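One structure below.
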Amino acid sequence: MNDSEIYRGNALEVFATFLRLGLTSFGGPIAHIGYFRKEFVERKQWLSESVFSQLFALCQLLPGPTSSQLGFSIGLLRAGWLGALGAFVAFTLPSVALLLGFSQLVPTLDSQVSDGLIHGLKLVAVAVVADAVVGMARNLCREMKTRLLASAAAVCLFFLDVSGVQFAVLVGGALVALLWRVKPSDYLGDQIVSPISWRMGIYCLGLYLCFFILLINLSDNNARFAIANAFYQSGALVFGGGHVVLPLLEESVVATGLINSEDFLAGYGAAQAVPGPLFSFAAYLGSNLEGEISGMGGASIALAAIFAPGFLLVSACLPFWQRVATSPIANRVVVGINAVVVGILAAALYDPLYVSVIKSPVDFVIVGCGVLMLRTLQLSPLVVVFWCLSMSHFMSSIS
């Protein structure tokens, strides 16, 4: 598959694919990686395993919502800026609409039905991530050194529950691969062909810094700028994905009186049950702000502000990654990062997914059948969603 085949597409095609994912990708940021890999590497073959893993590693290294940055990047590579915009809009807006509606609907449902529904969606996440770990391990950890790197990364994450540990493990894996002289792999011959020039990359980095500084200076005298600043800083400073942004948002909007604690916690609870990015929680918060700016106006400001820094950063880095990745040294680094990415996903599969979701042998069997459907039978993730939801509801109804 050559570059022209990999990156040829149109924005409508990207929008339609991400809209389906936006409506069905339950389970949070970790599960989204599995959904994306299944869709774009295995089913549609828009990306090679190597390009997908490099994009994922780059998004992991940058602050911001990892899964949304990854989706934005895939859309960008497939269909340029319109493709990136289409990927973001299609993947995000369904979760925004569902989050606002679901937060009103769940309290009216029977508690047994609600609990069974949410538990079933969590089982889907476990199955999807397990399938991704197996597939990526086979392709990216082909020799003993990379297997050891992946295992070491997983062990570190098992025992180190501190802020920034994923970033540190990625950097450490890159250094170990370089010093250990891990064999450069021909499998990494697929390079990320960025549609963004290095000049545009510098502009994006400049915009990221300008917005950061200007919003701080303008936030004192204008309510809209104050809201934008609160959400922009949360998106610009968070490492580690969606759940890590929650304490930053609480400090920015609850402690400052922009929203009350009860509404904040209610929105967080609803965010766990809907598909799509957890950062969509910002739209819920923006629509429930105290004062004159709320509703769709507040939601739009909050949503744009929290996603913008992550997208600007990944756009700034893509053209330079393309240049760096051509060297043999960078090749070794990428091999190491790829192995560490497998370890990160394996650790996440166990904690928080397995330990918080698998409550009985029946849960284990349901997830095992879901993995079998994805890995052996090559069925669509939608089939797995239906399977897990129906079985979870059935078990809930007879318990």
message = Could you report the accessible area of Asp263 in Å², rounded to 10, computed with a 1.4 Å probe on the protein chains as they sit in the structure?
response = 50
task = Among the listed pairs Lys145/Lys359; Lys38/Lys145; Lys44/Lys359; Lys122/Lys145, give every one whose C-alpha distance is greater than 29 Å.
result = Lys145/Lys359; Lys44/Lys359; Lys122/Lys145
Trp46 - accessible surface, heavy atoms, 1.4 Å probe, Å² rounded to 10 = 10
task = Could you order peptides 252-260, 35-43, 356-364, 302-310 by the average number of other Cβ atoms within 10 Å of their residues, highest first?
result = 302-310, 35-43, 252-260, 356-364
request  = Jot down the radius of gyration and Dmax of the chain, Cα atoms only, both in angstrom.
outcome  = 20.7, 62
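The values are calculated or read from the model by the stated rules, or taken from the named source; none is laboratory data. Every value quoted in this text rests on a predicted model; they were computed, and no experiment measured them. We place every Cβ from the backbone using ideal geometry, glycine too, and count neighbours over all the protein chains shown. To get the accessible areas, we keep the full protein, side chains included, count just its heavy atoms, and leave off ligands, DNA and RNA. Shrake-Rupley method; radii C 1.70, N 1.55, O 1.52, S 1.80 Å.
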